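The values are calculated or read from the model by the stated rules, or taken from the named source; none is laboratory data. Just so we're clear, the structure is a prediction, and the values are computed from it rather than from any experiment. Glycine also receives a Cβ, built like all others from the backbone with ideal geometry; neighbour counts cover every protein chain displayed. Just so you know, the surface numbers come from the protein's heavy atoms only, side chains and all, with ligands and any DNA or RNA stripped out. Shrake-Rupley method; radii C 1.70, N 1.55, O 1.52, S 1.80 Å.
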Amino acid sequence: MKKLIETLKNIWKIEDLRQRILITILFVAIYRFGSFVVLPGINPAMLEKLQSQTAGGLMSLLDMFSGGAFSNASIFALGIMPYISASIVMQLLAVAVPYFQKMQREGESGRKKISMYTRWLTVGILLFQAPSYLINLKMQSGAALASGISWPVFMVPATIILAAGSMFILWLGERITDKGIGNGISMIIMIGIIARLPQAFIQEVGSRFSAITGGGLVMFIVEIIILYAVVCAAIVLVQAVRKIPVQYAKRVVGNKTYGGARQYIPLKLFAANVMPIIFAQALMFIPLAIVQYSSENASWFVRSMLDHHSWTYNILFALLIIAFTYFYTAITLNPTQMAEDMKRNNGFIPGVKPGKDTADYIDTVMSRITLPGSLFIAFIAIMPALAGLLNVQDAFSQFFGGTSLLILVGVVLDTLAQIESHLLMRHYDGLLSSGRIHGRGMAAY
């Protein structure tokens, strides 16, 4: 405890770090405040049906990612997911379309163009999702609209407000990345998830001592032990690294000798980070758009896609995660480029010829470690459904795995790693006495 207090004092002493933390807290507070600002013309006391709709099933996940703003009919109801969806589309285009491939190779200017296209695509998605959300709001809580206002007249300004709200969240995330402690978009998602934790925890405690679910204190302790084990497994997954030794040959320039040292290429078991599970989760929301947030008159397949406890949903979800893990690893780690960089710097892997053989060797190692990593991610992703078999409440089961757990673990580790780097740069002790924290290196949008 004394060590922790001393570390907090050291954090407060560093002016730049202190300002970044305070700025992050300010922007997070603005985001949470906006989650409770209801759309103009909507009576929040008349939203019981909308809130009951988001209490379970796939809609509860959508509400969780928005930090409860979806069920509140807030100006931030659509959250950050439209931007995530646009980012997925742009990354797919960067692989399949030569125009975007060329743009991606242009360096900083190319990244700015891709970022601009991503924002415009986000606006297009919002102009589709906002009316869909409002149609669902009318179906569930039509009486919530103030008297004297017709729904056709209301939907036009409400669509603009919802789209502007999501773009403002994106702006907040970028400011947290630039001015705060980093990973702004991931931080926004994490805050939305954490906001649901206290209520879910209280509901789970109450259900365990009720006559319906039962189990009492013993069963609740078993739940906490399982949750602790899953969190530890997620931390191990995030930090697991396979190191490839690289020997740098000696170079003689004039009368000086350079090189000769051995270094390592760290390849993470979780190289794609949390992105595959976010990508897969975004695609699983498509059935919601198809049926306009209503399962009436929908086919058996669509209805099963709306139930995140169904076998169909979880099998497809796991397969998408495995596929996206390979895809994202392939576009973020280029074995050929790594081999060329090593050759250019007189480096080689012992026992492997430079050039194509080195690229093939790195690609083989990546494929071997990506398979268990993708299977592990898929298993954690379907853990909420498995927790449901133990009669765990739907809201609390989301913290047993899936996107929620991996984002929480990853963002927390990255944040602690950045704070520790500030401390070590100024010769203060880090956050852990046993060694440095290894962040997952999750790319911020």
Exercise for the section: Match the structure shown to one of the listed values (i) 1.08; (ii) 1.15; (iii) 1.02 of Cα Rg over 2.2 N^0.38 Å, computed from it, and give that label. Expected result: (i)
Fill in the blank from the handout: Residue-normalised value, i.e. accessible area per residue, for the chain at 1.4 Å probe, in Å², stands at 49 Å²
Exercise for the section: Rounding to the nearest 20 debye, state how big the charge dipole of the chain is about its Cα centre with +1 on each Lys and Arg Cβ and -1 on each Asp and Glu Cβ. Expected result: 1560 debye
Exercise for the section: Once you've got the GNM for the chain with C-alpha springs shorter than 10 Å, pick whichever of Tyr248, Tyr326, Tyr83 has the biggest mean-square fluctuation. Expected result: Tyr248
Practice task
Please compute the net charge surrounding Ala144, taking Lys and Arg as +1 and Asp and Glu as -1 over other residues with Cβ under 11 Å from its Cβ.
Solution key: +1
Fill in the blank from the handout: Between the modelled labels at Arg368 and Leu319 (7 Å from Cα along Cα→Cβ) the distance in nm is 2.9 nm
Exercise for the section: Please tell me which of these pairs span more than 26 angstrom C-alpha to C-alpha: Lys9/Lys179; Lys179/Lys268; Lys112/Lys353? Expected result: Lys179/Lys268; Lys112/Lys353
Fill in the blank from the handout: Here the gain from full extension of Ile224 to Arg242, 0.36 nm per residue of separation minus their alpha-carbon distance, amounts to 3.4 nm
Practice task
For Ile244, list long-range residues whose amide hydrogen, built 1.01 Å from N in the peptide plane, is under 5 Å from its own amide hydrogen.
Solution key: Ile265, Leu267
Exercise for the section: Collect residues whose amide H, placed 1.01 Å from N in the peptide plane, falls under 5 Å from the amide H of Phe70; neighbours closer than 5 in sequence don't count. Expected result: none
Handout entry: Value of Rg/Rh across segment 100-145 [Cα atoms, Kirkwood radius]
Key = 1.37
Completion exercise
With Cα springs under 10 Å, the Gaussian network model of the chain assigns the largest mean-square fluctuation among Ile221, Ile321, Ile114 to Ile221
Practice task
Identify, among Met219, Leu126, Thr312, the residue whose Cα sits farthest towards the positive end of the charge dipole of the chain, taking +1 on the Cβ of Lys and Arg and -1 on the Cβ of Asp and Glu, with the dipole about the Cα centre.
Solution key: Leu126
Practice task
Work out the FRET efficiency for Lys13 and Val97 from their Cβ-Cβ distance, taking R0 = 45 Å, and round it to the nearest 0.05.
Solution key: 0.35
Problem - Spin-label pair Trp120/Ala164, simplified geometry with 7 Å Cα→Cβ offset, distance in nm - result: 2.2 nm
Handout entry: DSSP H segments from the chain that extend 18 Å or more along their own axis, Cα-based, with Kyte-Doolittle mean of -1.0 or above
Key = 15-34, 81-96, 108-141, 151-179, 184-208, 216-239, 311-332, 356-381, 402-425
Completion exercise
Share (percent) of C-alpha pair distances in segment 47-128 greater than 16 Å works out to 59 percent
Exercise for the section: Please give the contour-minus-distance gain from Met139 to Ser109: 0.36 nm per residue of separation, less the Cα-Cα distance, rounded to one decimal in nm. Expected result: 6.3 nm
Problem - FRET efficiency estimate (nearest 0.05) - Cβ-Cβ, Asn346 to Gln199, R0 56 angstrom - result: 0.45
Practice task
Would you tally the net charge around Arg20, using a Cβ to Cβ cut-off of less than 12 Å, leaving Arg20 out, and scoring K and R as +1, D and E as -1?
Solution key: 0
Exercise for the section: Put one equal scatterer on each alpha carbon of segment 142-238, apply the Debye formula with no solvent term, and list log10 I(q)/I(0) at q = 0.15, 0.18 1/Å to two decimals. Expected result: -0.89, -0.94
Completion exercise
Given the candidates Phe270, Asn391, Phe76, the one whose Cα lies deepest towards the positive end of the charge dipole of the chain, counting +1 at each Lys or Arg C-beta and -1 at each Asp or Glu C-beta, is Phe270
Practice task
At 7 Å along the Cα-to-beta-carbon direction for both Ile23 and Ser132, put a label point, then send me their distance in nm to one decimal.
Solution key: 3.5 nm
Completion exercise
Both in Å, the radius of gyration and Dmax of the C-alpha trace of segment 1-105 are 20.5, 57
Problem - FRET efficiency, 1/(1 + (r/R0)^6) with R0 30 Å, evaluated for Met425 and Asn334 via beta carbons - result: 0.50
